[in-house]
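Every read-out reported here was derived from the displayed coordinates using simple, explicitly stated rules and does not represent laboratory data. Quantities reported herein were computed from a predicted structural model and do not represent experimental measurements. Positions of Cβ are generated from backbone atoms using ideal geometry, with glycine treated the same way; all protein chains shown enter the neighbour counts.
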Amino acid sequence: MDSQIDWHAARAALEWQLEMGVTEAISETPINRFEQVAPPPKAGVGPGVAAPIVPVQAAPEVDPVAEAEAAARAAPDLIALQAAMAAYRHCELQKGARNLVFCDGVAGARVMIVGEAPGRDEDRIGKPFVGRAGQLLDRMLAAIDLGRDREGAQAVYITNVLPWRPPQNRDPKPDEIAMMLPFLKRHIALAKPEVLVVMGNISCQALLGKRGITRLRGQWAEAEGLLVIPMFHPAYLLRNPSAKREAWADLLDLQARLTKKA
Ligand code: URA
């Protein structure tokens with residue numbers, strides 16, 4: 001042990017390890033067991049006798065996107081889809097999240113809102129859009145007579161591109177979006193909305209393949225065989241209240257489209 005560490009520090013470190021559940025002292029340096037490919041000599045295999053050569057098995061290549069596609073495709077309904085997402089192990093975000101945030105509102109509603117990723121409040125509660133941005137979203141929806149707690153033609157269904165909170169609310173990475181996209185697409189197919197509202201750049205990137213919400217907002221598009229309207233994210237509107245004027249125009253446009261389609 002380093003002679004610079006005094007007895008008290010060494011004891012405190014040991015006690016901490018015991019508290020963390022350490023029960024065995026193995027080695028001071030980590031051992032990479034994957035490098036130990038040769039099996040121990042068997043009885044009768046002594047010096048001068050060649051040990052059998054065991055071929056090293058390369059770990060099978062895992063394609064996280066292909067695995068997500070297979071898992072999503074196999075989900076026959078929303079409950080199974082949620083379970084498949086919870087069982088999916090390739091997204092690092094899952095390790096730091098408290099909850100999988102799957103949905104809120106009414107599955108089968110005409111309007112499905114796709115946000116970006118859970119924040120702190122959503123991670124704690126396990127539902128999308130429950131923080132300040134969510135409260136603003138509820139007010140925006142109420143202004144055109146829609147709501148996640150409404151029924152029938154007034155109902156709304158809400159989800160996010162990512163079901164787990166990114167640390168410190170950082171932007172999701174492209175590989176995280178790519179691996180969770182098959183689940184989002186299946187989510188949309190199973191929820192069967194008529195219209196998608198994609199909020200913010202991350203959602204536009206995921207579903208429309210492009211960013212630039214200032215340019216895209218209010219421009220009807222198509223994704224997953226559905227009508228899509230990109231809108232400013234409510235968190236952006238909280239930071240930029242002057243953009244509420246455009247958001248209001250987009251809400252009215254959405255309302256008009258729903259009335260026309262009804
Ligand atoms: N922002 C989002 O995009 N989604 C949430 O659920 C909360 C905040």
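The table below lists the values:
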item: Region 142-191: C-alpha gyration tensor shape, a/c 1.5 cut-off, then a/b vs b/c; result: oblate
item: Gyration tensor (alpha-carbon) shape descriptor, region 122-258, a/c threshold 1.5; result: rounded
item: Table column - 3J(HN,Hα) (Hz), region 78-95, Karplus curve with 6.51, -1.76, 1.60, x for Gly and Pro; result: 5, 5, 5, 5, 4, 5, 5, 5, 5, 8, 6, 10, 8, 9, 4, 4, 4, 5
item: When each of Lys127/Lys185; Lys192/Lys244; Lys95/Lys192 is checked by Cα-Cα distance, pairs over 22 Å; result: Lys192/Lys244; Lys95/Lys192
item: Charge sum, other residues only, whose C-beta stays under 11 Å from Ala142's C-beta, Lys/Arg counted +1 and Asp/Glu -1; result: 0
item: Whichever aspartates and glutamates have a C-alpha closer than 13 Å to that of Lys210, once near sequence neighbours (fewer than 8 apart) are set aside; result: Glu222
item: Cβ-defined net charge surrounding Gly108, 14 Å radius [Lys, Arg +1; Asp, Glu -1]; result: 0
item: Relative contact order of region 137-262, defined on C-alpha pairs under 8 angstrom at six or more residues apart (%); result: 19 percent
item: 5 angstrom amide H check on Leu227, placed H, neighbours 5+ away; result: Leu196
